[in-house]
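One structure is given below, encoded as structure tokens.
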Amino acid sequence: MITKEKEQELIGRLREAVINYKPADAKKAAEEAIALDADAYTMTMEGLAGGMEVVSEKFDTHEYFVPETLLCAKALYAALDILKPHIKVQAGSVRGQVVLGVMQGDVHDLGKNIIKAIFEASGWTVHDLGRDVPLKRFVEEQMKTDSDIVMLSAMMTTSMVGIKKLIPMIKEKNPKVKIMIGGAPITDKTVSEYGADITADNAPNALKEAMKMLEALRKGTM
Amino acid sequence: MQHTIIFQPSGRRGLVEEGTTILEASRKIGVDIEAVCGELIVCGKCRVKIMEGKFQKEDITSSMKHLSELDDKEQKVLVRKDAEENMRLACCTKILGDVLVFVPEASRTGKQVVSKAAGKIKVKLKPAVRKYYVELPEPDLHDPVGDFERLEETLYKHNPKMKKLTIDYRALQKLPDAVRKGDWKVTVTVWNDAEIIRVEPGRIAHNIGLAVDIGTTTVAGYLTDLNTGDVIITESMMNPQVRYGEDVMSRISYCMFNEETGLKDLQDTIIEGLNTIAKQASFKAGFAIEDISEMTLVCNTAMHHILLGINPEYMGVAPFTPALHHSVDIKAERFGINILPAGNIHVLPIEAGFVGADNVGCLIADKPHKRKEMTLLIDIGTNGELVLGNKEKLISCSCATGPALEGAQIEFGMRAAPGAIERVKIDPKTLEATYQVIGNTGWSDGEKNMQAKGICGSAIIDVIAEMYRARILKKNGQVNHDLSSKRIRKNEKGLSEYVLAWSHETAIDADIVVNQKDVRAIQLAKGALYSGCLIMLRRLGIKKFDRLAVAGAFGSHIDKVAAMVIGMFPDCDLKHVEYIGNAAGDGARIALLSTDERKEANIIARKVEYVELALEDDFNDRFSEAMQFPHMFDKFPHLKGILSDEDVA
């Protein structure tokens with residue numbers, strides 16, 4: 001049985017490894033946690049997700065930019081890959097499922113990858129379809145997984161247009177599903193014009209908005 | 001229902017349908033308002049002031065109430081821009097009644113200082129258009145053969161290569177009058193030794209053509225003597241399509257969002273622009289516009305499609321397939337271009353969706369495929385294109401630099417027009433800045449009014465490099481608040497900024513600053529270029545290049561040390577950095593002067609191997625690393641003495 005002190009120490013090391021983008025440290029701390037039979041879920045949420053939260057704050061205050069965030073995500077995955085198989089399904093968890101992908105005709109997936117890291121770190125199940133994804137793949141994947149939210153990324157105005165076609169296709173099959181869109185050309189105006197539910201200007205905000213939507217969905221108020 | 005709209009200070013007025021946006025009205029009436037973001041309610045550059053009240057002289061009552069309501073999105077942009085009272089964004093505000101609109105200085109497109117000077121070119125003259133003076137035997141009842149056949153026979157005798165000539169319809173219509181007016185002595189203009197495109201009475205020596213470089217931002221035309229190859233006049237202007245969006249993507253999307261008219265609007269606009277250039281250039285040189293017998297054009301692939309009236313939608317999305325690669329020859333008359341109606345418009349071939357005829361122009365001008373040494377050619381415009389290789393092999397790629405390097409997407413960014421800060425120096429000890437302004441001599445001293453309005457592309461690079469050198473920026477691009485200077489501060493929204501020019505030095509009554517977001521935009525743009533260079537080098541399996549050729553009118557203004565300090569390209573000996581000027585435009589001139597070069601252009605356009613950067617597995621990593629100053633890991637030994645030791649070795 002692992003002591004409280006040791007648990008706190010490991011959580012702290014995971015957090016620091018993510019914040020200071022040290023994949024080797026993250027990996028080592030995760031391996032140690034598994035060897036000591038620490039709770040993988042607590043490690044993930046308090047260590048990795050906790051660290052990523054700090055990263056988000058640093059991004060918000062312009063201390064970190066894309067490169068640092070991406071490196072933090074790498075450190076996060078180094079640990080998450082080890083912890084994930086040991087996470088027991090949590091009863092009454094409010095974490096949801098998302099389908100995520102970059103629109104057809106667009107191969108820019110940097111933003112999408114950061115979103116994925118932040119969501120996975122927070123315990124969400126992410127069905128990542130990759131980039132240049134044909135429209136009907138999104139519809140099929142949502143049906144197959146019964147995901148709560150479909151998240152669409154577009155980095156070019158030209159690929160963004162596909163979103164307008166896609167949203168009715170998804171909502172026709174499943175009117176309850178929420179659509180979040182994001183990427184450089186997307187604005188609040190796009191959201192209303194295309195019939196999406198929401199956008200967010202960065203990954204941490206995307207997570208906040210997704211949590212809100214999910215809670216509303218679970219409460220049946222949306 | 002129609003309403004009156006009046007724009008000040010130009011005083012232009014017109015009637016528009018209810019529901020028209022102010023920006024649409026401005027285009028209709030011919031008032032230039034900036035629309036950098038492509039009407040997405042983002043950039044806030046189209047701010048206009050609505051004048052309230054009854055305007056006797058203009059005979060209208062103008063009111064804020066005569067406009068569509070302000071929504072949250074617009075409100076946010078206005079707040080961010082600290083807009084004064086009664087300001088609205090022209091792009092989204094609809095006209096519901098009579099209004100008088102004042103377009104502030106900062107929102108006007110303004111006359112740009114365009115410098116796309118013609119470079120020196122070496123080419124063996126072999127123009128497609130040639131003029132022949134011939135004397136025809138006069139017809140009589142014994143020899144009543146037709147004018148065309150008579151001319152054809154004479155030309156054949158003159159030059160046996162000209163067999164089975166055809167004649168253009170418009171030239172034919174004028175033929176009988178021309179031969180008689182010239183008393184059977186005429187000058188015949190022949191295209192490609194195959195078709196008669198003009199017959200003029202008497203002996204005409206001059207033979208002129210026009211080579212045009214259509215840039216996303218500027219258009220330059222070179223009126224050229226086809227007999228000597230010399231440039232007679234260079235004429236340039238802003239690309240009038242700027243009104244529909246500043247970059248290629250916003251114009252493609254304009255076509256997509258306005259299905260009925262979008263493409264036609266943009267096509268008409270550029271053709272009108274080409275006609276203006278042709279008219280001005282020929283007028284200044286003392287010719288008639290019809291004296292221009294041929295036009296060659298280079299442009300990027302999107303501009304190419306729009307110019308030809310081809311839907312650019314498909315080349316705008318992956319896999320970025322263009323409608324064709326091969327060069328195109330079309331009669332001016334079919335195009336609506338007012339040079340000689342039978343004159344040919346030759347559009348150079350394109351390499352790929354994002355590497356267009358302008359890049360082919362660079363290649364035939366610089367000829368890296370004829371060189372033994374390894375050339376890295378960077379053409380920096382609104383988009384960045386790279387070519388790497390030598391006579392063995394050439395590869396190319398396109399970097400989504402965006403217009404940030406040219407000053408767009410930058411809070412105080414502007415084009416290279418009077419009032420633009422163009423050079424910057426920062427003292428690393430005092431952290432004080434001094435700068436030069438276009439249209440104003442001497443360096444600023446922090447006291448006198450420099451009439452500065454904004455920062456143009458070359459100065460953006462300068463100022464970022466200087467800020468990094470002075471450690472105002474950390475390696476990761478963050479503004480360093482550990483330093484103490486009244487110029488380093490946070491604005492009321494908490495955004496870090498560096499004051500480049502104090503309010504009293506400007507013509508806009510506000511401090512000109514470089515903020516953290518501006519730095520980020522530059523990091524993205526230069527990261528794209530640098531990672532493009534790296535991936536290309538890797539693709540050819542080499543570590544370095546022998547020669548860096550920087551093309552583009554904007555490229556010529558960049559200080560190469562500053563460019564390397566921010567890490568726009570990998571470390572190299574600065575002696576091997578060569579500015580090749582507006583190589584795309586030079587390529588258009590070369591094509592105008594030589595049909596052999598046109599053939600070569602078609603071959604080379606298909607030989608260059610296009611690399612799609614975003615498909616490289618590690619592109620995101622390389623891109624991210626390249627966003628730092630000058631690079632996260634790479635060292636720059638050639639910047640010894642300029643940068644600190646940690647960046648040098």
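Data overview
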{"read-out": "Qualifying residues in segment B:302-317 (those that are outside any loop (DSSP other than H, G, I, E, B) and closer than 18 Å to residue B:335 by Cα) - the one nearest to the other protein chains (Cβ to nearest Cβ)", "value": "B:302"}
{"read-out": "Answer from A:58, A:74 - the residue that is touching a residue at least 40 places away in the same chain (Cβ under 8 Å), within 14 Å of chain B (Cβ to nearest Cβ), out of contact with any strand residue (DSSP E or B) (no Cβ under 7 Å at 6 or more places or on another chain) and part of a helix (DSSP H, G or I)", "value": "A:74"}
{"read-out": "Selected residue (only one of A:101, A:47, A:96 is crowded, with 23+ Cβ neighbours inside 10 Å and touching a residue at least 40 places away in the same chain (Cβ under 8 Å))", "value": "A:101"}
{"read-out": "Residue in segment B:259-266 that is of a type outside the set (Lys, Arg), buried (at least 24 other Cβ atoms within 10 Å of the Cβ) and more than 14 Å from chain A (Cβ to nearest Cβ) present", "value": "yes"}
{"read-out": "The lone exception for residue B:280 - which of (1) at pLDDT below 95; (2) over 22 Å from residue B:232 (Cα atoms) it fails", "value": "(2)"}
{"read-out": "Qualifying positions in segment B:375-395 - part of a strand (DSSP E or B) and charged (D, E, K, R)", "value": "B:379, B:385"}
{"read-out": "Which numbered condition residue A:196 fails, given (1) in contact with a strand residue (DSSP E or B) (Cβ under 6 Å, 6 or more places away or on another chain); (2) part of a helix (DSSP H, G or I); (3) more than 14 Å from chain B (Cβ to nearest Cβ)", "value": "(2)"}
{"read-out": "Out of B:501, B:465, B:470, sole residue that is within 16 Å of residue B:427 (Cα to Cα), touching a Pro at 6+ places or on another chain (Cβ under 6 Å) and at pLDDT 95 or above", "value": "B:470"}
{"read-out": "Condition broken by residue B:425, with the remaining ones in (1) part of a helix (DSSP H, G or I); (2) surrounded by fewer than 19 Cβ atoms within 10 Å (Cβ to Cβ) satisfied", "value": "(1)"}
{"read-out": "Of the criteria (1) within 14 Å of another protein chain (Cβ to nearest Cβ); (2) modelled with pLDDT of 95 or more; (3) touching a strand residue (DSSP E or B) at 6+ places or on another chain (Cβ under 7 Å), which one residue B:626 fails", "value": "(3)"}
{"read-out": "Unmet criterion (only one of (1) in a loop (DSSP other than H, G, I, E, B); (2) away from chain B (no Cβ under 14 Å)) for residue A:82", "value": "(1)"}
{"read-out": "Count of segment A:20-39 residues which are assigned to a helix (DSSP H, G or I) and either within 14 Å of another protein chain (Cβ to nearest Cβ) or free of Cβ contacts under 8 Å to residues at least 40 places away in the same chain (or both)", "value": "4"}
{"read-out": "Number of positions in segment B:520-544 that are more than 14 Å from chain A (Cβ to nearest Cβ), over 10 Å from residue B:626 (Cβ atoms), out of contact with any Leu (no Cβ under 9 Å at 6 or more places or on another chain) and not small (Gly, Ala, Ser)", "value": "1"}
{"read-out": "One residue from B:85, B:74, B:153 being farther than 30 Å from residue B:218 by Cβ and either in contact with a Lys or Arg (Cβ under 6 Å, 6 or more places away or on another chain) or crowded, with 18+ Cβ neighbours inside 10 Å (or both)", "value": "B:74"}
{"read-out": "Residue within segment B:151-166 that is in contact (Cβ under 8 Å) with a residue 24 or more places away in the chain, within 30 Å of residue B:305 (Cβ to Cβ) and under 36 Å from the mean Cα position of the chain (by Cα) present", "value": "no"}
{"read-out": "Any hit, segment B:403-417, residues being closer than 15 Å to residue B:466 by Cα and either acidic (Asp, Glu) or within 26 Å of the chain's Cα centre (by Cα) (or both)", "value": "no"}
{"read-out": "Residue in segment A:14-39 that is modelled with the lowest pLDDT, counting only those that are of a type in the set (D, E, K, R) and under 22 Å from the mean Cα position of the chain (by Cα)", "value": "A:39"}
{"read-out": "Segment B:6-22 residues that are over 16 Å from residue B:107 (Cα atoms) and aliphatic (A, V, I, L, M), paired with ones that are loosely packed, with under 13 Cβ neighbours inside 10 Å and modelled with pLDDT of 85 or more (beta carbon under 7 Å, 6 or more apart)", "value": "B:15/B:2; B:16/B:2"}
{"read-out": "Residue that is surrounded by fewer than 21 Cβ atoms within 10 Å (Cβ to Cβ) and within 9 Å of chain A (Cβ to nearest Cβ), where the choices are B:615, B:639", "value": "B:615"}
{"read-out": "Lone qualifier among A:69, A:42 - being within 14 Å of chain B (Cβ to nearest Cβ) and farther than 30 Å from residue A:170 by Cα", "value": "A:69"}
{"read-out": "Candidates B:287, B:320 - the one that is over 16 Å from residue B:222 (Cα atoms) and in a loop (DSSP other than H, G, I, E, B)", "value": "B:320"}
{"read-out": "Matching residues in segment B:569-607 - criterion: being within 30 Å of residue A:111 (Cβ to Cβ) and either not in a loop (DSSP other than H, G, I, E, B) or not charged (D, E, K, R) (or both)", "value": "B:569, B:570"}
{"read-out": "Selection within segment A:104-158 - hydrophobic (A, V, I, L, M, F, W, C), within 14 Å of another protein chain (Cβ to nearest Cβ) and assigned to a loop (DSSP other than H, G, I, E, B)", "value": "A:107, A:154, A:155, A:156"}
{"read-out": "Of all residues making up segment B:167-201, the number that are assigned to a loop (DSSP other than H, G, I, E, B), in contact (Cβ under 8 Å) with a residue 60 or more places away in the chain and surrounded by 18 or more Cβ atoms within 10 Å (Cβ to Cβ)", "value": "1"}
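The values are calculated or read from the model by the stated rules, or taken from the named source; none is laboratory data. These figures come from a predicted structure and were not determined experimentally. Because the Cβ atoms are built from the backbone with ideal geometry, glycine has one as well, and the counts that use them run over all protein chains shown.
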